[in-house]
Amino acid sequence: MARFSRQYTMKHQRCFTPLQFIHGRKPVDELWRACKPQDKMPQAYACGHLVTGFTFIEFLIYIAIIGAALAGFIQFILATGSARAQARAVSEVNANVRFIDDIITQKIHEAQNVLTPLEQAGSTSIILDMPAPSPDITFSVTNGILNLTEQGGSDVALTSKDVFVDGFLVSNYANLGERGNLRVAVTIRYNYQGAGVEYRYSRTLVTSASTRQ
């Protein structure tokens, strides 16, 4: 190290290395004043001063670290969005299933007779004979929407626009002369037209109910 210091001093007569400062040969102010402007180059130690900076390798490392952090953050945002979309699809389908189950079961219990389907038969609709003065009601599917229709009235949608009814099958297990005993199977899926897997969710409701007479 001493040999290197002597060589450096001989080469730069007016500039001194940190080793000379450490050995007490020159005060730091004198070292700095002795340096020519062209001698004050960004070296690890120049004229008794520590000069810092980024090397190309360090720059690449910092870029890689920042890129990895950004990639992780973006992945987290995408995962959070997918989880929210899936939760919304599940919630929407389940809400429609619960409502359909309640309304169909209630109306079958209130009916005095089942007009469709007949005993020991199946159908894709339900027609219930309601006690007077209530009109007969019909459950049917049109364009993926489950409707309730009172006799002489308009269709009332029982499912929301966010779901689609894929199947509606009703079986009457009652024998001739017995009160209606219906088994209803309804398949509902989330109504999303894109390709996102997180939006694909469906559920099949199977419920049974009997008329009051």
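The values are calculated or read from the model by the stated rules, or taken from the named source; none is laboratory data. A quick note: this is a predicted structure, and the numbers were derived from the prediction, not measured. Cβ sites come from the backbone with ideal geometry, for glycine too, and all protein chains shown count toward neighbours.
Values for this structure:
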| read-out | value |
| --- | --- |
| Within segment 112-134, considering residues that are under 43 Å from the mean Cα position of the chain (by Cα) and assigned to a loop (DSSP other than H, G, I, E, B), the one farthest from residue 180 (Cα to Cα) | 124 |
| Every residue from segment 110-129 that is crowded, with 18+ Cβ neighbours inside 10 Å and hydrophobic (A, V, I, L, M, F, W, C) | 111, 114, 126, 127, 128 |
| Single condition residue 105 does not satisfy, out of (1) out of contact with any Phe, Trp or Tyr (no Cβ under 8 Å at 6 or more places or on another chain); (2) surrounded by fewer than 15 Cβ atoms within 10 Å (Cβ to Cβ); (3) within 24 Å of residue 174 (Cα to Cα); (4) in contact (Cβ under 8 Å) with a residue 12 or more places away in the chain | (2) |
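Here's the yes/no breakdown for (1) closer than 30 Å to residue 185 by Cβ; (2) at pLDDT below 80; (3) not in a helix (DSSP H, G or I):
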site: 43; (1), (2), (3): no, yes, yes
site: 57; (1), (2), (3): no, no, no
site: 65; (1), (2), (3): no, no, no
site: 78; (1), (2), (3): no, yes, no
site: 88; (1), (2), (3): yes, no, no
site: 99; (1), (2), (3): yes, no, no
site: 105; (1), (2), (3): yes, no, no
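Conditions tested, residue by residue: (1) touching a strand residue (DSSP E or B) at 6+ places or on another chain (Cβ under 8 Å); (2) modelled with pLDDT under 70; (3) surrounded by 11 or more Cβ atoms within 10 Å (Cβ to Cβ).
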| site | (1), (2), (3) |
| --- | --- |
| 1 | no, yes, no |
| 4 | no, yes, no |
| 12 | no, yes, yes |
| 94 | yes, no, yes |
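Each row is one residue, and each column tells you yes or no for (1) closer than 25 Å to residue 90 by Cβ; (2) touching a residue at least 24 places away in the same chain (Cβ under 8 Å); (3) in a strand (DSSP E or B).
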site: 139; (1), (2), (3): yes, yes, yes
site: 147; (1), (2), (3): yes, no, yes
site: 152; (1), (2), (3): no, no, no
site: 166; (1), (2), (3): yes, yes, yes
site: 169; (1), (2), (3): yes, yes, yes
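Condition check ((1) modelled with pLDDT of 90 or more; (2) in contact with a Ser or Thr (Cβ under 6 Å, 6 or more places away or on another chain); (3) not assigned by TED's automatic domain parsing to the domain that holds residue 97) across all residues:
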| site | (1), (2), (3) |
| --- | --- |
| 145 | yes, yes, no |
| 168 | yes, yes, no |
| 171 | yes, no, no |
| 174 | yes, no, no |
| 178 | no, no, no |
| 187 | yes, yes, no |
| 191 | no, no, no |
| 197 | no, no, no |
| 205 | yes, no, no |
